[in-house]
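FYI, it's all coordinate maths here, none of it is from the lab. Treat the numbers as computed from the prediction; the structure is a model and nothing was measured. Heads up, the Cβs are rebuilt from the backbone with ideal geometry, glycines too, and the neighbour counts pull from every protein chain shown.
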2 protein chains.
Amino acid sequence: MKLEKRFREIIKKMKAYRYALSLIGWDSNTEAPRNTFKRRSKMTAYLSKELFKLQTSKEYQDIVYNLYDKYDELDDLLQREIKKAKRNLEKIINIPEEEFLEYTKLINDSQIIWEDAKANNDFESFKDNLEKIVKYNKKFALYYDKLANPYDTLLEDFEEGMTTKEYDFFFESLKHDLVPFVKEILKKTNNNYEELRSANFPKTGQKQFSEYLLEVFDFNKKSGLIKESVHPFTWNTSPEDVRFTTKYMENYIFSSIYSTIHELGHATYEQQISTSYNDTLLNGGTSMGIHESQSRFYENNIGRSLAFWETHFDKFKEIFPEQVKNYKPIDMFKASNNVEASLIRIEADELTYPLHIMVRYDIERMLFNNEIEVKDLPKVWNDKIEEYLSVRPKNDTEGVLQDVHWSSGMLGYFPTYALGSAYSAQIYYQMKKELDIEKLIKTNKINEINKWLKDKLHKYGSSKTPKELMELITKEKFNPKYYIRYLKEKYSKIYN
Amino acid sequence: MKLEKRFREIIKKMKAYRYALSLIGWDSNTEAPRNTFKRRSKMTAYLSKELFKLQTSKEYQDIVYNLYDKYDELDDLLQREIKKAKRNLEKIINIPEEEFLEYTKLINDSQIIWEDAKANNDFESFKDNLEKIVKYNKKFALYYDKLANPYDTLLEDFEEGMTTKEYDFFFESLKHDLVPFVKEILKKTNNNYEELRSANFPKTGQKQFSEYLLEVFDFNKKSGLIKESVHPFTWNTSPEDVRFTTKYMENYIFSSIYSTIHELGHATYEQQISTSYNDTLLNGGTSMGIHESQSRFYENNIGRSLAFWETHFDKFKEIFPEQVKNYKPIDMFKASNNVEASLIRIEADELTYPLHIMVRYDIERMLFNNEIEVKDLPKVWNDKIEEYLSVRPKNDTEGVLQDVHWSSGMLGYFPTYALGSAYSAQIYYQMKKELDIEKLIKTNKINEINKWLKDKLHKYGSSKTPKELMELITKEKFNPKYYIRYLKEKYSKIYN
């Protein structure tokens, strides 16, 4: 089919620009010297402009709409691809160019303004920008679909099939079942392993243990690598090139261990996607939520299990004999699962983490429903945290200003973090029916877990929706009850 | 002037593609995972094609020729730029597209064939490819200038103003004055510091000393970085982003020290070029020879001086107390200047190095004059090496197959290596008249040497020809006598 061939040609060109832009991004986040900033901006501006021209060209629009017109004649994969292409297209072309440029500038400027506001505990200086960001996001969502609730449109951008209806049900379940449970746990005055958690672990040893973890999780180093950066992240252009970073804090050993395993989860997902999608729009993980389900699965279900520490404590002790001479595997397990009512999301434990997300979801929802205004945010934030976690931020730096997301225009993104954990619990119970997970961990056969996930999930890339994948893997619809069950089982055992 | 504005616009676009392609190259030479190879080729092929289209577009050709038509009305810098643009253009557009593609494929294929041939000591398997490479290079040179000697055209590609006439004079001087001197030196049975040169120096310490060297040479880390790779090289996109690599061999300490200082020379040159040339064709170092003069100056004139070791031996000993407990600065100086008749160019010392280049120049010259054929190369090579160095390769791996250059189509490149050393000697004697080099080294003020080179040479980028620069700096024409004088002075002292 000639039309499809032309479609494929343009996609390939787009991929070449994305490849270049993406590598420039990897470079700038991991090693590029400081002074390259200005020149890099000029270079990426030109390349982005060429990509934008390609993505919005009359020719490309015609091809996409002509293919969409004969939707029923297309095979399944091309149907899915054209649907994605059409959505991507309509997310851009309905926005007046002038507004798009204004918004791009707003987002660029807001980064530094937010950074300064956070550093100076000064919400007021960030307020105007945030107001504009929210306003533009509402407006752009309405350009795309004037009948839908703008927040629903944004939610769907990050997680296909998820709107306020589905999220409301999800978060209501958590509120009802999890908040009281967390409050119970927080009352227990457990040994919180303060000494172990803040002991000094030299970086060279941490690096060595990270390298060891790559072996344990059977990461394919011929198609990837590990590096360092300020904020750990995973980067990929195709399954043959998947890289991730970690962060070494000498006075908090669990930071590098769980950053590494978390990113290994993202990276393993990307490495195991079929390369047949490389030149299509169906490459890469299917959604933020599914991606997060994989990173959380590796991090929490494997990495924070007792079986994990029973198996790998010897190696850990070999590297750090002095630091852990008074501890046993059970201590590592408990210390890495220590529950605390903290104020900062990224430092939160597995159990309290979803409550931090609930705060953000509640706030975004109210903002988009015009129930609150941006100026109310600091107070609303603190009230919500107190409601769920019984602690209150002393200032906005540890409150509403803590996350980068809003300043970069990511509204509707946060819920996918909690959803990912919930997906992973449901997948976990299904996996348990088919595999002896604990035994595989103990016999150093995590590669068999990788293989299971590859066959059930990873290999499909974006060729299936999150919903389709969940039903394919677990033979039922997504259900938050598994998440609640998982957390209750795990933490009841740890905290008796 | 409207024409100039349009010229500038296209140059900026070219630079964006080159920036991306260049970064992809840096990545692939320093860290990209192995399996990315195929996909990266596809992506770069597309980006290169876009760049090629831009570089050969009718619009660009018109602009360049129209500007060239009013050459006399242009200011000096634009004159030089247009001359370069015209040469670059005519190097490509006169080649039939089909032949260009065949040649590109030939070069790609030849890399692996040469690698295998070298590994298996099998010149025969590489012979046909090399014949074709030589044939194409002759042909392409004639497309560019049908009246000139093709080898002259190639020589000028790498070093403006240098043809066989100039190089013949240069190499004849070396043959006459240097070869007998080298033979004298080789007869001296000096202490060759075998033990020190092959002692074990752990990599962590070598890295620490490399970092120290960056301070000593006042390298600007905000605009650059150091990394590792198999073959050390310098990479840059603008003075704000200059990176280089080094190589750590645990049983040969001088490898990393002198790779680092050599590349620091290239890198300092690039960092000190005026940023006003960033969006022009006058950015970057002006020629291979001038570039090499800077790397050799830093490596040999500074790094291999007695003053250098007298100043930095303490630091070196602090890192490697055991390894150097029996040595003094003078030993480091002598060990790093040990002369040997070796077979491998990249392992050669400063004194015998130009003789290795002479072998290659003689051979290239004879090939292009049809005095010998590719099939004769192994024998001619061995005869020449024996003539100049009194040693004979046992096989082609350590003979004619040792260098990557010819397999990648770089014919006419080698002479710039020797020329660079000769330039650096002439610059050195001029610098000595204006600065107390030894004192600056001893008082840790290499930054003043950097400054001198910036003002006299570096800042100009490619806005002046090598010839103009040499005359500007030394107030006379390039003259090989300084090089011969420098080598004789230095090595007479070391070897009495």
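Points to keep in mind about this one:
- At an R0 of 25 angstrom, the distance between the Cβ atoms of A:Lys58 and A:Lys146 translates into a FRET efficiency of 0.55.
- Measuring from each Cβ of chain A to the axis that turns chain A onto chain B, the shortest distance belongs to A:Ala20, 2 (residue, then whole Å).
- Across the copies of the chain, A:Met249 has label points (7 Å from Cα along Cα→Cβ) spaced 4.3 nm apart, shortest distance listed first.
- Look at the alpha carbon pairs under 8 Å that are at least 6 residues apart: their mean separation over the length of chain B gives a relative contact order of 19 percent.
- Note that the stretch A:279-295 has calculated 3J(HN,Hα) couplings of 9, 10, 8, 9, 7, x, x, 6, 6, 5, x, 5, 4, 5, 4, 6, 5 Hz, one per residue in order, obtained from phi through the Karplus relation 6.51 cos²θ - 1.76 cosθ + 1.60 (θ = phi - 60°); glycine and proline are x.
- Rounded to 10°, Cα long-axis angle of helix B:377-389 versus longest principal axis of chain B: 40 degrees
- Between helix A:306-319 and chain A: long-axis angle, C-alpha atoms, 0 to 90°, nearest 10: 80 degrees
- For the stretch B:259-321, the relative contact order works out to 40 percent when only alpha carbon pairs closer than 8 Å and six or more residues apart are counted.
- Each of the peptides B:239-250, A:381-392 was scored by the mean count of other Cβ atoms within 10 Å over its residues; in descending order, highest first, they stand as B:239-250, A:381-392.
- Alpha-carbon centroid distance for the pair the stretch B:340-367 / the stretch B:1-59, whole angstrom: 35 Å
- Space enclosed by the convex hull of the alpha-carbon atoms of the stretch B:328-387, per residue, Å³: 73 Å³
- Here the dipole of the stretch B:151-496 is about 1040 debye; that uses its Cα centre as origin and unit charges on the Cβ of Lys and Arg (positive) and Asp and Glu (negative).
- With Cα atoms defining each centre, the stretch B:133-149 and the stretch A:64-143 are spaced 54 Å apart in the structure.
- Between B:Glu489 and A:Arg34, the distance separating the two model label sites (each 7 Å from Cα on the Cα→Cβ line) works out to 4.0 nm.
- FRET efficiency, A:Tyr68 to A:Ser229 (Cβ-Cβ, R0 51 Å, nearest 0.05): 0.80
- Near A:Tyr413, once Lys and Arg are set to +1 and Asp and Glu to -1 for all other residues with Cβ below 13 Å from its Cβ, the sum equals -4.
- Two-site label geometry, B:Phe169 and B:Glu124: point separation in nm, points 7 Å out along Cα→Cβ: 4.6 nm
- Cβ crowding within 10 Å ranks A:Arg80, A:Arg360 as A:Arg80, A:Arg360, fewest other Cβ atoms first.
- For the residues of B:12-20, the average number of beta carbons from a partner chain within 10 Å of their own beta carbon is 5.
- The stretch B:212-273 and the stretch A:293-334: distance between their alpha carbon centers, rounded to Å: 40 Å
- Neighbour net charge for B:Ile484 - beta-carbon separation under 12 angstrom, K R +1, D E -1: +2
- The charge dipole of the protein assembly as shown, taken about the Cα centre with unit charges on the Cβ atoms of Lys, Arg (+1) and Asp, Glu (-1), comes to about 240 debye, rounded to the nearest 20.
- Rg and Dmax, both from the Cα atoms of the stretch B:151-496 and both in Å, are 19.7, 57.
- Percent antiparallel among DSSP beta bridges (both partners in chain B, rounded to 5): 45 percent
- Hydrodynamic radius of the protein assembly as shown per Kirkwood, over alpha carbon pairs, in Å: 32.3 Å
- Global geometry of the stretch B:255-381, whether rounded, prolate or oblate, following the gyration tensor of its Cα atoms and the 1.5 cut on a/c: oblate
- The stretch A:375-496: C-alpha gyration tensor shape, a/c 1.5 cut-off, then a/b vs b/c: prolate
- Two-decimal log10 I(q)/I(0) for the stretch A:157-302, as the Debye equation yields it once each C-alpha is a single scatterer, q = 0.20 Å⁻¹: -1.18
- Charge tally in the Cβ shell below 11 Å around A:Glu292, where Lys, Arg are +1 and Asp, Glu are -1, A:Glu292 excluded: -1
- 3J(HN,Hα) from dihedral phi, the stretch A:323-330, Karplus parametrisation 6.51/-1.76/1.60, rounded to Hz, x for glycine, proline: 4, 10, 4, 9, 10, 10, x, 4
- Gyration tensor (alpha-carbon) shape descriptor, the stretch A:236-315, a/c threshold 1.5: prolate
- Kirkwood radius, the stretch A:50-147, all distinct C-alpha pairs, inverse of mean reciprocal distance: 15.9 Å.
- Fewest-first sequence of A:His231, B:His356 by Cβ atoms within 10 Å of each Cβ: A:His231, B:His356
- 7 Å along Cα→Cβ, label-point gaps from A:Tyr495 to other copies, nm, shortest first: 8.0
- When shorter helices are ignored and each DSSP H run of at least 4 residues is given -39500 (n - 2.57), the per-residue value for chain B at 222 nm works out to -20500 deg cm²/dmol.
- Each other copy places its own label point for B:Glu476 at 9.4 nm from this one, sorted shortest first, where the point lies 7 Å along the Cα-to-beta carbon line.
- Förster radius 35 Å - calculated FRET efficiency between A:Glu195 and A:Lys442, Cβ distance, rounded to 0.05: 0.80
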